[in-house]
Amino acid sequence: MTATPDPRLRRRDKLTSDTRAAYAFMAPALIGFTVFVVYPLIRSAYFALTRYNGLTAPVFVGLGNFRRMFTTDPSFWPSVRATLLLVVLYVPLSLAIGLALAVFCNRRMRGVRVLRTLVYLPVVLPVVATITLWKFVFNPQVGLANQVLTWLHLPTSEWLSGEGSAMPSIVIVMLWSVGSTMIIFLAALQAVPTELYEAARIDGAGSRTMFFRITLPLISPIMVLQVVLQLVTALQTFNQPKILSPDGLGGPGFSTRVLMLSIYNNGFPTLGRVADFGYASAQVWVLFLVIVVVIAATARFSSVWTYSDHVS
Amino acid sequence: MTTSPDVPSAPRPPLPPRKAVRTASWYTVALLISSVMVLPILWMLTIALKGHSAVFQVPPRLLPDEFHFENFIDGPKAIHFPRLLLNSLVITGLSVTGGVMTSMMAGYALARLRFPGRRLWFYVFVGSMMLPPVVGIIPLFQLFKDIGWYDTWLPLIVPAWLGGNPLFIFLARQYFLSVPYSIDEAAKVDGAGHVRIFFSVMLPITRPAWITMAILAFQLSWNDYLNPLIYLYSSEKWPLSVGMASFVSQFAGQTPDWNLYMAANLLYMLPPLAVFFVAQRYFIQGLSALGTVNQR
């Protein structure tokens with residue numbers, strides 16, 4: 001992955017035709033990097049310290065936005081709670097189900113390719129299309145979800161319109177697309193050398209031992225990568241709560257108003273309210289810092305979790 | 001459910017009873033998984049074929065009594081589907097072209113040209129892959145508003161033409177690294193410049209790479225909801241994602257014509273489905289590359 005030092009690359013080659021060509025080829029990406037990465041990063045840090053409605057000039061308020069967030073805003077802590085609930089429900093479930101499905105699909109059976117395709121199918125469909133489909137599935141009177149529960153003689157639920165059941169319903173919608181996790185685990189499983197299983201089988205190992213002693217250690221680097229990816233995805237969830245909540249604001253109550261939705265509601269309000277760019281930017285930074293901490297912590301501890309082969 | 005990965009074994013003539021039980025339980029679970037994945041889609045198809053009153057029948061029935069194929073005409077008409085479809089096609093077409101082209105160019109420079117700073121820029125682009133998009137939304141909204149691009153398609157298209165997605169630059173570079181260097185040396189000897197080498201030598205060789213990228217870019221743009229939602233005020237400029245979501249929330253108050261909506265929703269799903277089935281090989285390859293990226 002890392003570029004090896006090239007003997008031909010010497011100081012006096014500066015501004016050779018290669019250098020000029022390289023910067024010409026990279027020019028669009030460099031402009032894009034400046035305008036779409038560097039500039040917003042600096043600018044949003046500044047916005048976070050101001051009172052700013054997007055119309056009149058920003059007024060510097062120091063940490064005022066953060067004080068408001070942590071002390072007076074009645075919706076901030078509920079939105080943190082909703083975000084954490086989403087993460088706690090979604091991340092472990094998607095990893096466990098994704099891995100279970102990958103193990104299940106990693107066998108030579110007739111029809112296993114069809115099964116893989118079907119599991120992957122929801123990932124391919126447009127997000128908005130699947131979310132709106134599920135909105136109707138969860139309709140308490142005429143939706144499929146309650147109908148299936150009735151067939152199975154199980155109690156029905158109010159799904160998205162109940163404060164307690166709204167977030168679990170959203171997690172179900174997100175878990176329907178577990179195929180993307182499954183496919184990545186499947187690729188990792190298929191990279192495990194089969195000789196290891198054969199050797200273990202000769203030594204009399206059962207399938208459970210093989211899974212915990214061979215499979216899991218060997219796919220642990222991918223596991224860590226998946227944990228990071230899923231955490232970052234879950235923390236930034238927006239589409240599902242936005243479209244599925246009955247009021248579009250993350251209701252009922254604050255039950256599904258995750259941080260991303262709170263940022264959107266403050267920054268791009270509907271119904272004639274004035275935008276609060278300063279406050280929304282402060283929330284962006286809270287979310288951003290959480291993401292940075294999560295990535296750093298996972299990277300820090302990944303050496304403990306992952307197996308590495310010191311011999312070869 | 002058993003957890004042992006199947007180890008390819010010798011041909012298996014008559015099944016021993018234990019193995020037969022295992023096979024049977026595998027198929028039972030497989031059937032269960034498939035129905036969870038497929039049932040909502042099939043149910044959607046039956047709604048799209050039902051009449052208005054049948055949708056609200058309590059208790060609901062799985063299959064329609066009579067088939068209303070005209071829903072596939074009336075539904076799209078009722079929610080301005082053709083207009084939205086055209087918008088989506090233009091936005092997606094332009095951003096895919098730009099995203100793939102400029103990412104390939106940057107990847108070419110990073111992988112095949114020797115110049116001071118090429119490591120630095122590689123790390124810069126890889127680093128910006130880690131940056132969550134949420135950081136940019138407010139300053140960028142303000143910027144686009146200030147230069148008069150609010151309520152136009154430009155904020156959805158122009159970023160793609162400026163290297164758009166750092167992941168694509170990374171993928172392009174990785175692929176270019178695998179192309180033998182003798183090829184461009186030969187082209188150089190023949191007197192070709194970098195532009196010539198890029199277009200006539202590299203692009204044909206790297207076809208699998210940019211097809212994969214184009215598919216990913218298509219998916220991202222076709223599915224994008226937040227950006228068009230932020231930047232597009234006028235409903236006649238909306239792409240399908242915003243349009244379809246908005247019709248559902250409009251319906252929430254009144255009696256929704258779910259049968260018409262689901263018919264249109266199925267049409268919205270068709271292009272990505274078609275791409276998936278035609279290009280399945282590339283899809284899996286692209287994702288598998290992620291799965292093995294850290295493995296020894």
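Worth pointing out:
- At an R0 of 45 angstrom, the distance between the Cβ atoms of A:Ala96 and B:Arg196 translates into a FRET efficiency of 0.30.
- The listed residues B:Arg119, A:Arg20, A:Arg43, B:Arg18 rank as B:Arg18, A:Arg20, B:Arg119, A:Arg43 when sorted by accessible area, largest first, using a 1.4 Å probe.
- Computed over neighbours whose Cβ is under 13 Å from that of A:Val59, the net charge equals 0, Lys and Arg +1, Asp and Glu -1.
- Each Lys or Arg adds one and each Asp or Glu takes one away; over the other residues whose Cβ falls under 13 Å from the Cβ of B:Leu84, this sums to +2.
- Nearby aspartates and glutamates by direct alpha-carbon distance to B:Lys50 (threshold 15 angstrom, same-chain neighbours under 8 apart not counted): B:Asp65, B:Glu66, B:Glu70, B:Asp74, B:Asp257
- Within straight-line reach of B:Lys19, meaning a Cα separation under 19 Å, sit the following aspartates and glutamates at least 8 residues removed in sequence or on another chain: A:Glu198, B:Asp6.
- Radius of gyration over Kirkwood radius for the range A:124-192, both on Cα atoms: the Rg/Rh ratio is 1.11.
- Per-residue SASA entry for B:Trp121, accessible area with 1.4 Å probe, Å² rounded to 10: 50 Å²
- Compactness of the range A:125-239, expressed as Rg and Dmax over alpha-carbon positions, Å: 19.8, 57
- Largest accessible area first, the residues A:Lys135, B:Lys19, B:Lys50 order themselves as B:Lys19, A:Lys135, B:Lys50 under a 1.4 Å probe with ligands, DNA and RNA left out.
- Kirkwood hydrodynamic radius computed over the range B:16-133 comes to 20.7 Å, based on all pairs of distinct alpha carbons.
- In plain terms, if you count all Cα to Cα distances in the range A:187-246 and split them into 10 Å steps from zero, the share in each step is 19, 32, 20, 16, 10, 2 percent.
- Enclosed volume per residue, in Å³, of the convex hull spanned by Cα atoms of the protein assembly as shown: 199 Å³
- Gaussian network model of chain A, springs between alpha carbon atoms under 10 Å - residue of A:Pro126, A:Pro155, A:Pro168 with greatest fluctuation: A:Pro155
- The share of C-alpha pairs in the range A:36-96 whose separation exceeds 16 Å stands at 64 percent.
- Accessible area (Å², 1.4 Å probe, nearest 10) - A:Thr34: 80 Å²
- Label separation (A:Glu163 vs A:Phe70): 2.7 nm, computed from points 7 Å beyond Cα along the C-beta direction.
- Computed from the Cβ-Cβ distance with R0 of 35 Å, the FRET efficiency linking B:Tyr27 to A:Arg213 stands at 0.80.
- Comparing B:Ala78, B:Ala30, B:Ala54 in a Gaussian network model of chain B (Cα springs below 10 Å), the most mobile by mean-square fluctuation is B:Ala30.
- Within the straight-line cut-off of under 18 Å between alpha carbons, the lysines reachable from B:Lys145 are B:Lys237, sequence neighbours fewer than 8 places apart in one chain being disregarded.
- Per-residue SASA entry for A:Tyr39, accessible area with 1.4 Å probe, Å² rounded to 10: 80 Å²
- Residues of the range B:89-104 with amide N under 19 Å of the 7 Å Cα→Cβ point at B:Leu203: B:93-104
- Residue-span extension gain [A:Ala299 to A:Leu152] - 0.36 nm each, minus C-alpha spacing: 48.5 nm
- Counting only DSSP H runs of at least 4 residues, each contributing -39500 (n - 2.57), and dividing by the residue count of chain B, the helix-based mean residue ellipticity at 222 nm comes to -22000 deg cm²/dmol.
- Summed over both chains, the accessible area lost when B and A associate is about 10100 Å², using a 1.4 Å probe.
- Using every pair of separate Cα atoms, the Kirkwood estimate puts the hydrodynamic radius of chain B at 23.3 angstrom.
- Global form of the range A:232-275, assessed from the alpha-carbon gyration tensor, a/c cut-off 1.5: oblate
- Panel values: the range B:72-158, Kirkwood radius from alpha carbon pairs, Stokes-Einstein at 20 °C and 1.002 mPa s, translational diffusion coefficient 131 µm²/s.
- Among the trypsin sites (Lys or Arg not before Pro) in the range A:86-133, those placed in a DSSP loop whose Cβ has at most 12 other Cβ atoms within 10 Å are A:Arg108, A:Arg110.
- Over all directions, the projected convex hull of the C-alpha atoms in chain A averages 25.2 nm² in area.
- Scattering profile of the range A:72-201 at q = 0.11, 0.20, 0.22 Å⁻¹ [log10 I(q)/I(0), Debye over alpha-carbon scatterers]: -0.54, -1.22, -1.31
- Shown for the range A:7-111: the carbon plus sulfur share of the solvent-accessible area, taken with all protein chains present and a 1.4 angstrom probe, equals 68%.
- Helix-only CD estimate at 222 nm, as mean residue ellipticity for chain A, using -39500 (n - 2.57) per DSSP H run (n ≥ 4): -19500 deg cm²/dmol
- When the Cα positions of B:Val124, B:Pro155, B:Trp43 are compared along the charge dipole of the protein assembly as shown, B:Val124 comes out farthest toward the positive end, with charges on each C-beta of Lys, Arg, Asp and Glu.
- Solvent-accessible ranking of B:Trp149, A:Trp151, B:Trp222, largest area first, probe 1.4 Å: A:Trp151, B:Trp149, B:Trp222
The values are calculated or read from the model by the stated rules, or taken from the named source; none is laboratory data. Remember, it's a predicted structure, so these values are computed and weren't measured experimentally. Counting neighbours? That spans all protein chains shown, and the Cβs are built from the backbone with ideal geometry, glycine included. With ligands, DNA and RNA removed, areas are computed over all heavy atoms of the protein, side chains included. Shrake-Rupley method; radii C 1.70, N 1.55, O 1.52, S 1.80 Å.
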